[in-house]
1. Hey, what number do you get for the chain at 222 nm if only DSSP H runs of n ≥ 4 count, each worth -39500 (n - 2.57), divided across all residues, to the nearest 500?
2. Nothing charged except the Cβ atoms of Lys and Arg (+1) and of Asp and Glu (-1): what's the magnitude of the dipole of the stretch 118-182 about its Cα centre? Round to the nearest 20 debye.
3. Pick out, from Gly131, Gly71, Gly149, the residue whose Cα sits farthest towards the positive end of the charge dipole of the chain, with +1 on the Cβ of Lys and Arg and -1 on the Cβ of Asp and Glu.
4. Kindly identify the stretch 176-230 as rounded, prolate or oblate by the Cα gyration tensor criterion: order the square roots of the eigenvalues as a ≥ b ≥ c, call it rounded if a/c is under 1.5, otherwise compare a/b with b/c, prolate if a/b is larger, else oblate.
5. Using DSSP, restrict attention to beta bridges with both residues in the chain and report what percent are antiparallel, rounded to the nearest 5.
6. Take every DSSP beta bridge whose two residues both sit in the stretch 130-203, then give the antiparallel share in percent to the nearest 5.
7. Report the charge-dipole magnitude of the stretch 151-264 in Debye, nearest 20, computed about the Cα centre from +1 at each Lys and Arg Cβ and -1 at each Asp and Glu Cβ.
8. Over the stretch 55-159, calculate the relative contact order: mean separation of alpha carbon pairs under 8 Å at least 6 apart, over the residue count, as a percent.
Amino acid sequence: MPRPAVNVAVRAARAAGQIILRYMNRLDSLDVVEKQRHDYVSEVDRLAEAEIIRELKRAFPRDATLGEESGPSGQARNVWVIDPLDGTHNYLRGFPHFSVSIGLLENGEPTLGVVYDPLRDELFTGDKGNGAYLNDRRIRVGRRDGLGGALLATGFPYRQRRHLDAQLGMTRALLGEAEDIRRTGSAALDIAYVAAGRLDGFYETGLKPWDMAAACVLVREAGGRYCDFSGRDGMPESGNLIAGNVAVAKAMVMTIAPELPPELAR
């Protein structure tokens, strides 16, 4: 049975989702700041993150938090990693693909994850040893045994444009084997789709912990694998992530290897 902490994270994610939906009809009036080139934050991001932290601190006052907007707070064995609105660009344009992501790291290991799509009211949850679920239904990664016929997803991160040539090379190599590739703009939700078998694999450079911590738990608990571009298992510090079932993840690592520059091979 999932731990009570899952219920707390679910409650926090739903509360953030209510804030996100409440502001959707007044996007033109939102206060939006460009943190750095092509990287924006809105008042909705900040309000949603504050609500998540409030819910988590009410239940776990001694735990630390790491929020995309507020940064690190506290030091503890347990760290809640929060992306209050993964897909801000989509949200601000009215493009209906974004999510709330809340993960728990215990001594650095991702052990609990919640990814919530408030528009579709789809709640993805995972807890170490207790499986992964979409709402109340158990989910599993797809059964594909390689890249043939695979549907993949990726992202081109705003902070990592210096690696664009390399990522385009990897994309070209993968498209030579897979059926197709999607780029939808919410890494957490894309990786959750891998856990649910809607996508066969995912890859992206330069992800941050809040982009992937929760969703990596979902993939692992759904029977899949996540690793860096060189195939080393675990959540990569570099943020260069591959996720899929065991066979697809291995095939992705092998396929991109000839296109991998030294700075991404870690």
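All of the numbers you see were taken from the coordinates with simple rules; none came from a lab. The model shown is predicted, which means the values in this text are computed figures rather than measured ones. No Cβ is skipped: glycine too gets one built from the backbone with ideal geometry, and neighbour counts run over all protein chains shown.
1. Details: 7 runs with 87 residues, N = 266.
Computed ellipticity for the chain at 222 nm equals -10000 deg cm²/dmol.
2. The calculated dipole for the stretch 118-182 is roughly 180 debye.
3. Checking the options against the dipole of the chain, the answer is Gly131.
4. Taking the square roots of the gyration eigenvalues as a ≥ b ≥ c, the stretch 176-230 is rounded.
5. Beta bridges within the chain, antiparallel portion: roughly 80 percent.
6. So the antiparallel bridges in the stretch 130-203 amount to around 25 percent.
7. 180 debye
8. RCO, the stretch 55-159: 13 percent.
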